[in-house]
Amino acid sequence: MKKRSLRNNKNGSGLIIAIAIMAVLMMLSLALLLVSFSLYSTARRQQDSAQCRELAQSLSKELEYEITIPSTEAYKSGAAEKYPLWFYLRFNVWQNSWKYFNNDERGHMAEYAYRHFNVGFTANLNKELTDGMSVLMYWISEDEVSDKNGTQLVVSVTSEKGKAKTTITSYFELNVTDSKELPKEDEDDYDALSGGQEFEKKNIDPDGNTIDEGEIWSWELSERE
């Protein structure tokens with residue numbers, strides 16, 4: 001009886017040790033799993049963040065290219081179709097239909113001055129690259145200012161992917177020249193916007209604004225952050 005009891009005790013002790021070892025192994029496995037998941041999550045966040053920044057930078061540069069075209073380009077045939085954003089700004093900035101932004105003036109705060117634009121992608125490309133991209137634009141001025149030179153345009157591009165979000169903001173300054181001040185040899189380069197060609201104004205000028213074509217506009221990038 002004593003021998004059998006001793007054997008049972010030994011078996012019981014062995015079982016307890018085996019269970020303890022299994023518990024330790026399970027804890028180690030769980031710890032490794034958590035570490036792996038943490039590393040994967042960190043890598044995924046870093047990848048999403050890098051991807052967001054790359055997309056926001058790329059779109060910002062594309063918008064810069066169109067906004068800062070040489071002033072002569074806007075007067076070539078077909079320019080309105082080629083540079084719709086430039087023409088949108090030309091027909092809408094310094095118009096009553098698009099209020100300037102000034103946080104210190106009533107009626108010129110964000111809800112009146114901000115314009116938001118969604119960026120369209122094909123379904124597959126959108127799912128692969130980003131959860132969404134948007135563009136915010138507004139221009140800055142103040143009451144009783146009539147000089148258009150130096151007008152600041154702000155363009156913010158935001159890209160989102162997972163929990164990552166990147167916003168890149170670009171600042172542009174407007175230069176305005178009176179066509180009457182042009183040298184004689186340059187006058188032919190500024191005969192008529194879009195080369196005098198008729199163009200669809202529905203998206204470019206939805207409010208039916210009129211402009212002074214004697215003003216030659218050009219934008220210049222001043223800062224990006």
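A short reminder: the numbers here are calculations on the coordinates, not readings from a lab. A quick note: this is a predicted structure, and the numbers were derived from the prediction, not measured. For neighbour counting, all protein chains shown are included, and Cβ atoms are generated from backbone atoms with ideal geometry for every residue, glycine included.
For Phe199, no residue whose modelled amide H falls within less than 5 Å of its own remains once neighbours fewer than 5 places apart on the same chain are excluded. Positive contributions from Lys and Arg (+1) and negative ones from Asp and Glu (-1), summed over other residues with Cβ under 11 Å from the Cβ of Arg224, come out at -2.
By counting other Cβ atoms within 10 Å of each Cβ, how are Ile168, Ile69 ranked from fewest to most?
Values: Ile168 20, Ile69 17.
The fewest-first ordering by Cβ neighbours comes to Ile69, Ile168.
Across region 100-105, rounded Karplus estimates of 3J(HN,Hα) from the backbone phi angles (6.51 cos²θ - 1.76 cosθ + 1.60, θ = phi - 60°) give 6, 9, 7, 5, 9, 10 Hz, Gly and Pro being marked x.
What is the sum of charges, Lys and Arg at +1 and Asp and Glu at -1, for the other residues whose Cβ falls under 9 Å from the Cβ of Gly214? Could the numbers behind the result be given before it?
Numbers: positive: Lys180; negative: Asp178, Asp212, Glu213, Glu215.
Net charge around Gly214: -3.
Take Leu30, Leu182 and order them by how many other Cβ atoms sit within 10 Å, fewest up front. Let's see the in-between values first.
Working: Leu30 10, Leu182 14.
Final ranking by Cβ density, sparse to dense: Leu30, Leu182.
Phi angles of region 134-149 translate, via the Karplus equation with coefficients 6.51, -1.76, 1.60 and θ = phi - 60°, into HN-Hα couplings of 9, 10, 10, 10, 7, 10, 10, 7, 8, 4, 6, 9, 10, 6, 7, 4 Hz per residue; Gly and Pro are given as x.
What net charge is computed for the residues neighbouring Thr68, neighbours being all others with C-beta under 15 Å from the C-beta of Thr68, Lys and Arg scored +1, Asp and Glu -1?
Values: positive: Lys61, Lys82, Arg90, Arg224; negative: Glu62, Glu64, Glu66, Glu73, Glu173, Glu220, Glu223.
Once all neighbours under 15 Å are counted, the net charge is -3.
Database remark: amide H of Lys76 closer than 5 angstrom to the amide H of Ser194, Gly195 (H placed geometrically; neighbours at sequence offset of 5 or more, or on other chains; Pro and chain starts carry no H). Among the listed pairs Lys82/Lys148; Lys61/Lys201; Lys163/Lys202; Lys61/Lys184, those with a Cα-Cα distance over 32 Å are Lys163/Lys202; Lys61/Lys184. Among Ser170, Ser146, Ser97, a tally of other beta-carbon atoms within 10 Å of each Cβ gives an order, fewest to most, of Ser146, Ser97, Ser170.
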